[in-house]
Amino acid sequence: MPGPVTNEDAISLALQALVWTLNEPDRADRLLAVTGLDPDDLRTRVGEPAVLSAALGFLEGHEPDLIACAAALGVPPQALVAAHYWLEQA
């Protein structure tokens with residue numbers, strides 16, 4: 001997948017990236033600290049473009065995480081960046 005083609009693709013990719021992020025407790029804690037989300041807010045708003053955009057922005061802010069997430073999902077890092085862009089426009 002070179003990059004999101006539709007908003008649905010961006011949402012799907014962002015959800016996968018969010019799951020990857022939350023699978024590691026230290027990284028999940030950093031996500032919450034950086035974005036200002038709390039666990040209840042995250043659970044309630046997980047599908048919202050603003051929350052997904054924040055999660056992708058978090059990954060973009062730490063290139064090693066961005067690259068590791070992209071590798072784990074089998075996409076180029078640019079696909080995550082493109083998804084972030086799409087979600088910001090939503």
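Taking the Cα centre of the stretch 7-89 as reference, the dipole from Cβ charges on Lys and Arg (+1) and Asp and Glu (-1) amounts to some 80 debye. Treating r as the C-beta distance of E88 and A28 and R0 as 25 Å, the FRET efficiency rounds to 0.65. Note on the chain: dipole from Cβ charges, positive end direction compared against L18, Q89, A71; the farthest Cα belongs to A71. A simple count of charges around W20, restricted to other residues whose Cβ falls under 13 Å of its Cβ and scoring Lys, Arg +1 and Asp, Glu -1, yields -1.
The coefficient of translational diffusion for the chain, derived via Stokes-Einstein from the alpha carbon Kirkwood radius under 37 °C and 0.692 mPa s, stands at 261 µm²/s.
Values quoted throughout were computed directly from the atomic coordinates according to the rules given, and no laboratory measurement underlies them. Predicted model, so just to flag it, every value in this text is computed and none were measured. Cβ coordinates were reconstructed from backbone atoms using ideal geometry, including for glycine residues, and neighbour counts include every protein chain displayed.
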